[in-house]
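A short write-up of the structure that comes next.
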Amino acid sequence: MSRFFATGSDSESEESSSADEITPKAPGTTFKQSLLLSDDEEDTKRVVRSAKDKRFEELTNLIKTIRNAMKIRDMAKCLEEFEQLCRAFLKSKNIVDKEGVPSFYIRLLADLEDYLNQLWEDKEGKKKMNKNNAKALSTLRQKIRKYNRDYETEIASYKENPQESADEEEEKEPEESGSSSDSDEEEGDEGLSAKSFLKKKPEAVPEASKFLKSAKGSGDESSSSDEDDDDEDWGSDTVDSGSESLDEDGGGRGASLAVVFLKKTQETEKSGEKKTIKKKKLKKKERLEEEGEEEGGEEVEGGWEKVKGGVPLVKEKPKMFAKGTEINVAVVLKKLNEILQARGKKGTDRAAQIELLHALAAIAAENNLGQGILVKIKFNIIASLYDYNPNLAAFMKPDMWKKCLECINELLDILFENSNIFIGENIAEDSENLGISDQPFRVRGCVLTLVERMDEEFTKIMQNTDPHSQEYVDNLKDEGRVCAIIDRLLDYLENKGSTEEICRVYLRRIMHTYYKFDYKAHRRSLGLQGETKSEQDQEESEGEDSAVIMDRLCKFIYAKDRTDRIRTCAILCHIYHHALHSRWYQARDLMLMSHLQDNIQHADPPVQILYNRTMVQLGICAFRQGMIKDAHNALLDIQSSGRAKELLGQGLLMRNMQERNAEQEKIEKRRQVPFHMHINLELLECVYLVSAMLLEIPYMAAHEFDARRRMISKQFHHQLRVGERQPLLGPPESMREHVVAASKAMKMGDWRTCHSFIINEKMNSKVWDLFPETQRVREMLVRKIQEESLRTYLFTYSSVYDSISMKTLSEMFELEIHTVHSIISKMIINEELMASLDQPTQTVVMHRTEPTSLQNMALQLAEKLGSLVENNERVFDLKQGVYGGYFNRDQKGGYQQKQSYQRDQKGSYQQKSGATSAAATEIKTKATTKLGMNRYQTCDLKLIFIP
């Protein structure tokens with residue numbers, strides 16, 4: 001018996017002696033065993049795995065994290081983990097080249113792309129996302145689409161048969177686990193290993209026989225999966241036996257065996273995980289087989305029936321009436337009221353309700369119950385379609401929108417075919433006549449209200465569609481159907497409607513016409529109408545001009561309408577249409593006669609937006625006609641506010657939540673104008689800045705030394721200051737930079753450089769090509785630039801010339817001599833230029849009345865001294881008023897005494913400051929006498945008020 005077991009009891013010694021007899025050990029075996037156990041003690045946490053296992057485990061962990069983030073819609077986490085996954089996959093490139101792209105990786109790419117597309121289409125969900133998640137969703141969607149291009153074939157094959165790819169992945173996993181177990185067994189070939197010792201099931205044999213069995217089994221690599229399962233089932237027995245042996249053993253052997261049992265706990269955990277994975281796979285296979293059998297075989301009578309989503313599917317439509325029921329108007333009306341009673345209640349299936357109403361209409365048509373009951377059902381079908389979206393801000397889905405248009409057309413067909421049907425909101429339900437009789441049908445309802453709601457729904461659809469997508473173009477094609485329905489209703493109401501209803505439907509037609517440019521009428525006016533390609537084009541070209549239609553509809557509203565709102569909207573639309581087609585004088589006269597600018601601030605916001613749009617279009621029309629000052633005045637209010645986008649209803653500006661809460665923002669979004677009705681804001685700003693340049697630059701040159709010079713356009717001056725503050729001046733790029741560069745050139749009288757900055761390829765593509773008569777606008781601009789550059793040149797350099805020939809000016813600015821003569825004559829008449837015209841020699845003789853720089857400085861000093869004296873007098877009066885508090889006790893006499901006291905003090909003050917006032921008077925008088933009486937007559941008038 002070995003000395004290490006000497007401390008044990010007699011039974012232990014007998015067992016060990018029997019073990020010694022059975023297993024003859026070579027010398028040094030015990031030392032080798034203790035040495036082996038000490039090595040295991042050092043490496044308790046070390047697990048040797050292949051590079052493939054390491055890389056694939058890293059990928060699966062990241063995939064698991066991504067899937068968890070997908071469940072909670074954490075897009076930021078998804079993006080972060082996806083970037084890590086791409087980097088980890090790049091690291092495992094060598095393994096992937098050998099083994100191929102793992103199927104679990106392809107499955108994630110496909111699932112993630114589908115998931116992101118689903119989220120992207122869910123517009124309501126996107127609105128509820130926070131800013132980080134929405135940004136991460138957009139970024140991740142772009143990345144995954146770009147990344148998946150390299151794996152299109154693998155993803156396509158996975159999507160064709162996702163079940164097979166999942167099964168292949170499951171088959172690979174047991175193989176990998178088997179190979180890892182084989183590698184573990186190979187590691188224990190050198191001698192007695194703790195793992196092999198732990199793996200074997202204990203039997204009722206002495207401990208030495210265990211060691212023998214483990215030694216034999218350690219080299220056996222061909223262990224079947226059934227044996228592995230048996231080996232993994234003995235966890236609890238080993239713990240008990242291990243604790244007993246620890247109590248029995250003593251000394252160094254006990255310490256070394258502790259290491260063995262520490263190792264064993266890790267192995268049992270791994271074996272438990274493997275068992276659960278295998279059980280899950282078996283259950284999954286059994287479930288799939290059962291599903292296949294259920295689908296393939298016939299259903300057992302009285303057995304369970306498989307349903308989707310936990311809700312039983314309605315296989316048969318519910319019967320409207322019991323079998324044998326006589327179908328008449330009263331029964332159908334009763335059923336209609338039953339269906340309508342559920343309308344608006346919580347839990348009502350609105351789609352099913354619409355289907356029931358359609359079915360009821362079909363039953364009424366089959367039984368020939370008359371058109372009266374059919375019209376009433378149609379009214380309720382259309383109302384149910386509008387109620388499908390309970391939220392006011394939500395817009396109709398495409399299928400519901402098409403059903404709505406079809407139902408309204410069917411209703412109008414019935415009304416046109418049957419002239420004996422009278423409909424109206426003033427008909428009470430008791431007095432309705434729905435049955436077939438000698439009396440005409442009477443139905444409660446208003447088809448105009450339905451059409452107005454349809455028009456509003458169309459506007460909402462256009463507001464909530466991406467304007468840069470093909471979907472917007474497809475939706476915009478429905479406007480033709482909407483206008484056709486409005487035209488049909490217009491024909492119907494002209495015969496049977498009241499004046500108020502006709503005005504309402506006329507306004508709807510006007511709102512779909514006023515913003516559209518009539519190209520066919522424009523071509524006819526220019527005489528460019530050529531051969532039409534089709535009969536449809538020929539019919540359209542022969543049709544009524546939009547100007548004639550607008551004139552007829554608007555004049556009817558002006559004469560018959562009793563509400564201010566409809567008349568105001570009609571006037572604004574009429575002005576807009578005139579301005580759009582360059583009928584400047586008609587548009588201007590109508591705006592001035594209507595006096596809308598006086599009380600438009602009391603109108604509701606949609607009418608104010610329409611007014612702003614009309615004023616902008618009026619200003620652009622004036623610019624096209626060369627009325628630069630009128631154009632500037634019309635656009636001044638919109639552009640100076642800095643909120644042109646918001647005032648025109650073309651978008652919301654970013655503001656603090658204190659100024660506008662979420663509810664107000666929703667209301668303002670509903671007021672927005674659809675994209676196809678927008679006015680180009682860059683064109684608007686360019687027109688305003690060019691108008692300001694043509695007015696401001698000559699004015700700045702004429703009043704260069706005037707201290708009290710006013711600004712015509714603050715925004716234009718701001719752009720000039722921004723251009724001056726730039727440290728490095730390069731070639732202009734944006735539209736604003738082009739206008740600033742042109743202004744600097746005009747200031748120097750260089751009209752050619754100014755022309756090249758305003759009219760070039762870049763500006764043509766951005767602005768000028770957007771006008772209908774592009775060439776005429778360009779010619780007008782060139783003419784205006786030449787004329788204003790001539791005025792600026794004369795203002796700037798008149799002090800240099802004694803006389804200048806008009807022929808020279810004509811050649812310099814490429815203008816006709818009579819035009820130059822006209823411009824200079826106006827300047828002389830308006831006393832802007834101190835000169836005279838010598839008719840025989842065709843020259844301009846300067847009068848040399850322009851002040852020198854010293855005289856200008858003297859005038860500025862005199863004005864500043866005068867303002868200083870006035871300020872001093874005011875301050876002195878205020879100070880003297882403090883001592884007059886005693887005289888306030890008398891209501892009459894005291895006040896008079898105070899006034900006389902102040903007059904005395906003022907007189908004494910004037911004597912004290914007489915030297916200053918006299919100095920100011922003398923300086924200004926001398927400066928004025930030197931300059932003459934013509935130009936500075938206003939200065940002499942000011943001289944009276946200085947002392």
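Any chance you could run the full-extension gain for Gln142 through Ile549? It's 0.36 nm times the residue separation minus the Cα-Cα distance, nm to one decimal. Provide the component values of the computation, followed by the final result.
Values: separation 407, 0.36 × 407 = 146.52 nm, distance 4.91 nm.
In short, 141.6 nm is gained.
So for the pair Lys714, Arg67, with labels modelled 7 Å out along Cα→Cβ, what separation do we get in nm?
Rounded to a tenth, the inter-label distance reads 6.2 nm.
For segment 375-453, what is the relative contact order in percent, using Cα pairs closer than 8 Å and at least 6 residues apart in sequence?
29
Under the rule a/c < 1.5 gives rounded, and otherwise a/b versus b/c splits prolate from oblate, where does segment 579-721 land using the Cα gyration tensor?
Oblate, because a/c is 1.5 or more while a/b does not exceed b/c.
For Leu681 and Thr563 in one chain, what is 0.36 nm times their gap in residues minus the Cα-Cα distance, to one decimal in nm?
39.2 nm
Which FRET efficiency, nearest 0.05, do Asp877 and Met129 yield, Cβ-Cβ r, R0 56 Å? Kindly include the intermediate steps, with their values, before the conclusion.
Numbers: r = 66 Å, r/R0 = 1.17.
It comes out at approximately 0.30.
Please list, in order, the residues from segment 716-753 whose amide nitrogen is less than 18 Å from a point placed 7 Å along the Cα→Cβ vector of Ser799.
747-749
What FRET efficiency comes out for Glu160 versus Glu663 if R0 is 60 angstrom and r is the Cβ-Cβ distance? Round to the nearest 0.05. Walk me through the numbers before you get to the answer.
Working: r = 49 Å, r/R0 = 0.82.
Here the calculated transfer efficiency is 0.75.
Under 5 Å between amide hydrogens, which residues at least 5 positions from Phe422 or on another chain qualify, with H placed 1.01 Å from N in the peptide plane?
Here the answer is Phe441, Arg442, Val443, since their amide H atoms fall under 5 Å of that of Phe422.
For segment 584-734, report the accessible area per residue in Å² (1.4 Å probe, heavy atoms, rounded to an integer).
53
State in Å² the accessible area per residue of segment 736-870; use a 1.4 Å probe, count heavy atoms of protein chains only, and round to the nearest integer.
50
Tell me, rounded to the nearest percent, the portion of alpha carbon pairs in segment 381-425 spaced more than 15 Å apart.
53
Once the piece of chain linking Asp399 and Arg776 is laid out straight, how much longer is it, given 0.36 nm per residue of separation minus the C-alpha distance between them?
131.0 nm
Once both labels are modelled 7 Å past Cα along the beta-carbon direction, what's the Lys334-Thr808 spacing in nm?
Going by the 7 Å Cα→Cβ label model, 10.6 nm.
State, to one decimal in nm, how far the label point of Asn633 lies from the label point of Leu652, with both points 7 Å from Cα in the Cβ direction.
Reported label-point gap for Asn633 and Leu652 is 3.7 nm.
The values are calculated or read from the model by the stated rules, or taken from the named source; none is laboratory data. Note that the structure is predicted; figures quoted are calculated from it, not measured. Don't worry about glycine lacking a Cβ; one is built from the backbone with ideal geometry, like all the others, and counts go over all protein chains shown. Accessible surface areas use protein heavy atoms only, side chains included; no ligands, DNA or RNA. Shrake-Rupley method; radii C 1.70, N 1.55, O 1.52, S 1.80 Å.
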